[in-house]
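Just so you know, all these numbers are worked out from the coordinates, no wet-lab data involved. Here the structure is a predicted model, which means the values were calculated and not measured. Every residue, glycine as well, gets a Cβ built from its backbone with ideal geometry; the counts of neighbours run over all protein chains shown.
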Amino acid sequence: MKNLLTPAIRKTLVILGIASLTALPALAQQSQWKVDAEHSTAWIFLGSNVDLQNVGIARIGGMAEFNSAEPAKSALDISAKLPQGLAMTFKSKRIDLRADGKMQITGDMTLARSERDATYNPGEDYRGPVYGESVVRSVARNVTFVLPLVDNAAPTAEITAEVILGVENFPELLAAVRQVAWQPVIQDGTCEMPQAGEDYRGADCTGTYYRGDESSARSGNLMKLVFRLQLSRQNLG
């Protein structure tokens, strides 16, 4: 069969093929990820350099973007719900690559508390305080996390981001995590209701159970935050 492709057409196809192959590594270098809120957790430790106690654990979710070729173009935007109307968020503003190959992510960490102002009017018909609408009060501080580079070729990833803060770095957050009543976190929890009978004890539940140390918080002016993130790669196209 006679080749119907002219030399000019064949040359053009070869150039397009080379360009496509060249673009593949670039696409693999940048990926957007979703933080799995069912399996990602924030671990909060309090204490001193020689004795840090895990006081609480919370679920964490959000989005991340990692560029292995140009780490400065990466981004991290995550949030965690804490007990008693508290929320903690982090939004990256600057990312640097360290000499040891890890990423250093600096951004704004915000502690927000949802409160309702109460009005007291004692009198003969007093029935307790009257609460107004919910008001959110927040404070933000500059925080820098350290985390490893992410393998952008994999469909999922598991990374840990850490930072140690002194009381002077974020006094409001340290005070809040000391005072809050932490609740356990249960992952992959399922419950089945057994048939009622004389030995009925309620639902049978299974799952992975996490909670901080229930003993009183130890002295010290350091707080360590450890974000254990389970990531799933998103389609950028």
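Just a few scattered comments:
- Ser134-Ala181 pseudo-label distance in nm [points 7 Å out on the Cα-to-Cβ vector]: 1.8
- Count Lys and Arg as plus one, Asp and Glu as minus one, and take only other residues whose Cβ is under 12 Å from that of Asp188; the net charge is then -2.
- Among the listed pairs Lys34/Lys73; Lys73/Lys224; Lys34/Lys224; Lys34/Lys91, those beyond 19 Å (Cα-Cα): Lys73/Lys224; Lys34/Lys224
- By average C-beta atoms within 10 angstrom, highest first, the peptides 171-180, 60-69: 60-69, 171-180
- Computed extension gain for Arg141 through Met193, at 0.36 nm per residue and net of the alpha carbon distance, reaches 14.1 nm.
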